Amino acid sequence: MNGEHVEIEELIAAYAVHALDVEERAEVQTEILEHIAGCDSCRTLFRELNELSGELALAAPPARVSEDLETRIMDAARGERPPAAPKNASRRWPAVAAAVAAAAVIALAVWNIQLGSSLRGARNNTRVAIQAFAVLNDPSARHATLTGAGGTISIALRSDGSAALTAAGVPAAPAGRVYELWFMKDGKPTAATVFTPEDGTAIKTLRLAGAYDGAAITLEKGPNGASAPTGTLLYQGALST
Amino acid sequence: MSVEQPSAFQPAELEARRDRQLIERIAGGSDDAFRDLFRRYGPATVGIAHRLIGSRELAEETAQEVFLSIWRRPAAYDSARGSVRSWILAQAHHRAVDVVRREESHRKRVDRVPPEPLEEPGADQVVEERWLDARRHEVRRALEALPEDQRKVIEATFFEGRTHRDAAAYLGVPLGTVKSRTLTAMRRLRDAIGGGEA
């Protein structure tokens, strides 16, 4: 086991107990994500220690919860009542794996309408979600499921160049960094879009000319990303034919 | 506050599955499921936040933020990354540490009141289900079984909110030692208690 490997393991442990300074956290997170994309044992350690940190929190003495706190939380929740998720929507379309993820993301986007301060922003979010849903559910589109640093990223690309991305369970991008999607052709990347997951989820639509055989994701400098990848490959997958 | 009757001990996997079902129902807009989830993990959430922050009011605020973020985005839970319980408590820990560090930038770290031991002396009047209490004792036993130098590092960082750098100064050991002890301790704890599905 080499020195760099042990160093990453120590960073993973420090990250899991939340012992990093705000200043170093983003940098360490980038380093961890780039390493675990290509290292199974560290990816497992990252997942295990992060989960362990939740279990460790259980050791603290439980506190009596006042009725007042429960009332406050329930009132606040009811005040921003989310709609029911469109559970059956995916069944009416051809069954593609991405549909379920898309339905969940749409539910989130619709919900943002109720939370959003700007009506225009909310309408825009819904429009993006509906467009993404349409692309991801198009049986003639080519699909890719990207795996790597954790969670799942679904991509769909139509022959007219419209494309969509949904992400779920993806680690937060370090401060100042964005995830960048690249479409690949014979190993050559073309910049497609950038995104920053919120609570692990993201949704994007885009248009792109050209023919591709795969997709990949790296971390790049925010807010606009790079024109050619500089970061380590975090996720990749082939487009279905 | 009305609390469900403590159930007979059930295998942890059944409870973990019930948590996942609650999250699914919350995603469908069920406030009953949301209340159930809060009653299940509210005491532990306020508990870890209170332990770190030391203020009841700020601990409750932290718990409120955690639960409302779950209500807004239940889809952020990813079962591939662990149990619902760990997900909730890790969020609570994370937010509480942020509060501690923010607060401490206002008042000097040296004024910190030494926290009480984890094992509260007989004051456990909180009504929680028995299986959760059993799990708590398992976690505490695993912490107590750590060699003292490792346990001190976990206490100084995880349970008191210090950064590695501050923990090194506080414990009077080099930064590298804090880092390696944290890793060793976390590995031992993982081997002893596993994750939330255990």
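The values are calculated or read from the model by the stated rules, or taken from the named source; none is laboratory data. Here the structure is a predicted model, which means the values were calculated and not measured. Every residue, glycine among them, receives a Cβ derived from its backbone with ideal geometry; neighbour counts consider all protein chains shown.
Couple of notes before you dig in:
- Helices (runs of 4 or more DSSP H) (entirely within region A:16-82) containing at least 2 residues that are touching a residue at least 24 places away in the same chain (Cβ under 8 Å): A:22-36, A:40-56
- Filter result for B:I70 (β-branched (V, I, T), under 17 Å from the mean Cα position of the chain (by Cα) and modelled with pLDDT under 95): yes
- Of everything listed in (1) modelled with pLDDT of 90 or more; (2) over 28 Å from B:S79 (Cβ atoms); (3) not acidic (D, E), the single unmet condition for A:L181 is (2).
- Residue in region A:215-230 that is assigned to a loop (DSSP other than H, G, I, E, B), farther than 24 Å from A:I130 by Cα and in contact with a Pro (Cβ under 8 Å, 6 or more places away or on another chain) present: yes
- Residue match in region A:211-225 (condition: surrounded by fewer than 18 Cβ atoms within 10 Å (Cβ to Cβ), at pLDDT 90 or above and hydroxyl-bearing (S, T, Y)): no
- Region B:57-68, subset touching a Lys or Arg at 6+ places or on another chain (Cβ under 9 Å) and surrounded by fewer than 24 Cβ atoms within 10 Å (Cβ to Cβ), residue farthest from the other protein chains (Cβ to nearest Cβ): B:E65
- Scan region B:9-24 for residues that are surrounded by fewer than 18 Cβ atoms within 10 Å (Cβ to Cβ) and either closer than 18 Å to A:G54 by Cβ or out of contact with any Lys or Arg (no Cβ under 6 Å at 6 or more places or on another chain) (or both) and the total you get is 9.
- Helices (runs of 4 or more DSSP H) fully within region B:140-198 counting 3 or more residues that are more than 16 Å from the chain's Cα centre (by Cα), more than 7 Å from chain A (Cβ to nearest Cβ) and more than 20 Å from A:L58 (Cα to Cα): B:164-171, B:175-193
- Residue count for region A:53-69 satisfying the condition of being hydroxyl-bearing (S, T, Y) and more than 7 Å from every other protein chain (Cβ to nearest Cβ): 1.
- Cross-chain or 6+ apart pairs with Cβ under 8 Å, region B:25-44 first and more than 8 Å from chain A (Cβ to nearest Cβ), then surrounded by 19 or more Cβ atoms within 10 Å (Cβ to Cβ) and basic (K, R): B:Y41/B:R85
- Search result, residues across region A:1-38 that are among the β-branched types (V, I, T), under 19 Å from the mean Cα position of the chain (by Cα) and buried (at least 22 other Cβ atoms within 10 Å of the Cβ): A:I32, A:I36
- Cross-chain or 6+ apart pairs with Cβ under 8 Å, region A:146-159 first and without any contact (Cβ under 8 Å) to a residue 24 or more places away in the chain, then among the polar types (S, T, N, Q) and surrounded by fewer than 20 Cβ atoms within 10 Å (Cβ to Cβ): A:R158/A:S140; A:S159/A:S140
- Search result, residues across region B:73-94 that are surrounded by fewer than 21 Cβ atoms within 10 Å (Cβ to Cβ) and under 16 Å from B:F159 (Cα atoms): B:H94
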